[in-house]
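The numbers here are math on the coordinates, done by the rules we state, and not lab data. Please read all numbers here as calculations on a predicted model, not as lab measurements. With ideal geometry, Cβ positions are generated from the backbone for all residues, glycine too; neighbour counts draw on all protein chains shown.
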Amino acid sequence: MKFTWFNLMPWPYLPDDFREKHRSVWVDIDSRLFDPAKSHEVYNSYMDMLEYAGTLGFDGIGVNEHHQNGYGIMPSPNIIAAGLARRTTDVGLVVLGNSIALYNPPVRVAEEFAMLDCISGGRLVAGFPVGTSMDTNYCYGQIPALTREKYQEAHDLIRRAWSDPDPFAFNGRYNKLRHVNIWPRPIQDPPPIHIPGGGSVETYDFCIDNTYSYSYLSFSGYIRAKALLQGYWDRVAERNAPDESPYRAGFAQTICVADTDEEAERLYSEHVSYFYNRCLHVYGGFADAPGYRTIKTIQTGALSQYAPPIDGYGHLTWKDLTEQGHVIAGSPETVRQRMEELIKGLNVGNIFCLLHVGNMPMDKCMHSTKLFAEKVMPHLRDIFPDYKDDNRFWCKPLAKRVTPGSLPAEKEVAAMVGGKD
Amino acid sequence: METKTIKTHHVPVRYFEGGKGEPLVFLHGAGGVTAEDPLLTKLAEKYHVYAPLLPGYGDSEECGELREMLDITLHTWDVVAALGLKDPILAGHSMGGMIAAEMAAIAPNDVSRLGLICPAGLWLDAHPIPDIFAMLPYELPAVLFHDVEAGTALMTAGVTLDDPEWLKGFLVQNARQMGMAGKILFPIPDRGLSQRLYRIKAKTLLIWGDNDRLIPPAYAHAWKKAIGGAELVSIPEAGHLMTLEKPGHVAAALAKLG
């Protein structure tokens, strides 16, 4: 199993009456709710948490990209990942991911991911999302019906920029580049690639054809994800993929651990409620620009992964959220059982653990994270013994890596360079 | 109106045809058009009407090869040629007006009469056009109609907007139609037309609803200024979908083109 401690970086100061007074947490959220001075602490404590998780045995620490979004203040995950690369040593850096159709030209992603891979010594796990409709169409103005074609082209360009040793001309429809020749090049050839998807057959096939891991990053939990991932596994079988390795798939799950089930509710329910009530308060008109999803995908009945349940999340109680699996919460034993159910039920080898939820303060987040790392994770490690050596979907760091901050002491420098002092 | 199909270079095109008289090509707006459209019915009393659907509209085939404004402008000229028409009266509503204006600007010697019914295509910072791509179905009537209540009934034909079956059909149709419209209008309905309008030689008629809340009448004046000799006809108590609200008035105004 590969466990990634994942942080969405929600803004923790959305007001109590946010739902009533504001129509959306995303796209046109009121900028006056963002306090730059307070964000100084918010960003730094979130990065501290990611670094802390990196010391507890998680395989990866994860970041993602959203724009104009009150629950994800990370328009550039690469900036966060660069900070983490310097302050962590062994943990994978999961950037899930860069919305590659939004970069102009997309070789920028090839370059920045290469930099992250080089700085971290080969610890990058790369993600190439199409990007949500909110981010890609409504915030960044991409034409919905052309988004996927542009995405495909960006993908082909990045993969070739990483692998072709010689300068090449790229005559794309959206990118005309006469001299592609990126410096630096990634250590990994190529870095493992995870693709967040929302149920389209085209994305299933894209992952199968390229040996990419398919991730379903929903907030509605593992019970509701069953049909979607089953669709993926059916497709894997139908396409005669060489194996059904669970590492071909990943899943994001909100998790809260305490000493007992009751304690979990007492400690975390207000933060879970903050997340589902305020952070997921997305105006319906921004959920799915017409043309963004293919007709085939709509016809399969897969609703947008960001479309809330028909009657919204607002009425869901702690009991509803935990029983329906939106959130896995409770004692270590309860969480272990439900995680096992999730992992086996969905056949997923990559878990993106959403252990920071809504406006959860750092002390509670550390508590829950440590309990998960020490009392849950070790019991889930070997669920798929047949695939324990399957490293195709994970980073392969250099064996020998430098320690940041290893300049010689100033007083030794003069002697080293042959000076007189 | 009869429903027919004609071959073009890129894709078979569905169109409605009816009436007798001078040929008139009508290009529909982002909401599409049906064979029962009241404006087409009115126009067919005086003209031989051809109303082609953009690919993806109604039951017509989609076309991935049409991506940019130039593709769409030339494709629509292909349709006119396939219909065997030469210098028909060219009329368009909203997005269709934008396409018609592009056609007249790119081939000024081939269009002598141009009817633009509250066309899209310009952008005035002082009058931002509401983002119809970010609206839920129930929010649309308020920007599309003068009489919102009557307009809602016209739009839905009595269906309730939260009926799940209706909604599923709506999502598919909306993805096909508005997905196509997005290539022309998203996220801002300006593809540089303002710098081409000077080329238009056609006798041009602008028809605008006094109460257009989607593309407000300020745009009518910008259009009038940009096309030499253009005439503006204002229609009182009409919104953006005046083709549905006031088809008789719109048809009567178009008659000024001769």
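Ranked for footprinting exposure by Cβ neighbours inside 10 Å, fewest first, A:Cys353, A:Cys365 give A:Cys365, A:Cys353.
Annotation: the residues A:Ile351, A:Ile383, sorted from fewest to most other C-beta atoms within 10 Å of their own C-beta, follow the order A:Ile383, A:Ile351. The relative contact order of the range A:2-416 comes to 21 percent, based on Cα pairs under 8 Å that sit 6 or more residues apart. Each residue, A:Asp209 and B:Glu165, gets one label point 7 Å from its Cα in the Cβ direction; the gap between the two is 3.7 nm.
Partner lysines whose Cα lies under 20 Å from the Cα of A:Lys38, excluding those fewer than 8 positions away in the same chain, are identified as A:Lys364. Checked against a 29 Å cut-off, the cross-linked pairs A:Lys370/A:Lys411; A:Lys2/A:Lys226; B:Lys42/B:Lys201 give Cα-Cα distances beyond that limit for A:Lys370/A:Lys411.
Summary value for chain B: 21 percent relative contact order, contacts being C-alpha pairs under 8 angstrom separated by 6+ residues. Each residue of the range A:36-46 is assigned a 3J(HN,Hα), and the resulting list reads x, 5, 5, 5, 4, 6, 4, 4, 5, 6, 5 Hz, derived from the Karplus form 6.51 cos²θ - 1.76 cosθ + 1.60 (θ = phi - 60°), x at Gly and Pro. Shown is the FRET efficiency for B:Asp59 and B:Tyr198, computed with R0 = 41 Å from the Cβ-Cβ distance and rounded to the nearest 0.05: 0.60. Cβ-to-Cβ counts within 10 Å put B:His221, A:His271 in ascending order as B:His221, A:His271, the fewest first. Placing a label point 7 Å from the Cα of A:Glu374 along the Cα-to-Cβ line, the residues of the range A:318-347 whose backbone N sits under 19 Å from it are A:330-337. Among beta bridges from DSSP that stay inside chain B, the antiparallel ones total about 30%.
For the protein assembly as shown, give me the percentage of DSSP beta bridges that are antiparallel, rounded to the nearest 5 percent. Bridges in the protein assembly as shown that DSSP calls antiparallel: roughly 20 percent.
Can you figure out the FRET efficiency of B:Leu232 with A:Asp189, using R₀ = 56 Å and their beta-carbon distance, to the nearest 0.05? Plugging the Cβ-Cβ distance into 1/(1 + (r/R0)^6) gives 0.30.
For chain B, the 222 nm mean residue ellipticity estimated from helices alone, with every DSSP H stretch of n ≥ 4 adding -39500 (n - 2.57) and the total spread over all residues, rounds to -10000 deg cm²/dmol. Dipole magnitude for the protein assembly as shown: computed about the Cα centre from +1 point charges on Lys and Arg Cβ and -1 point charges on Asp and Glu Cβ, it is near 1740 debye. Here the simple spin-label model places points 7 Å from the Cα toward Cβ, and for B:Ala126 and B:Glu22 these points are separated by 3.5 nm. For B:Lys7, a cut-off of 12 angstrom between C-alpha atoms picks up these aspartates and glutamates, skipping any fewer than 8 places away in its own chain: B:Glu61, B:Asp78. For the peptides B:18-26, A:393-401, residues were scored by their other Cβ atoms within 10 Å and the scores averaged per peptide; the highest-first order is B:18-26, A:393-401. Legend: calculated FRET efficiency, A:Met362 to B:Lys256, from the Cβ-Cβ distance at R0 = 56 Å, rounded to 0.05, equals 0.20.
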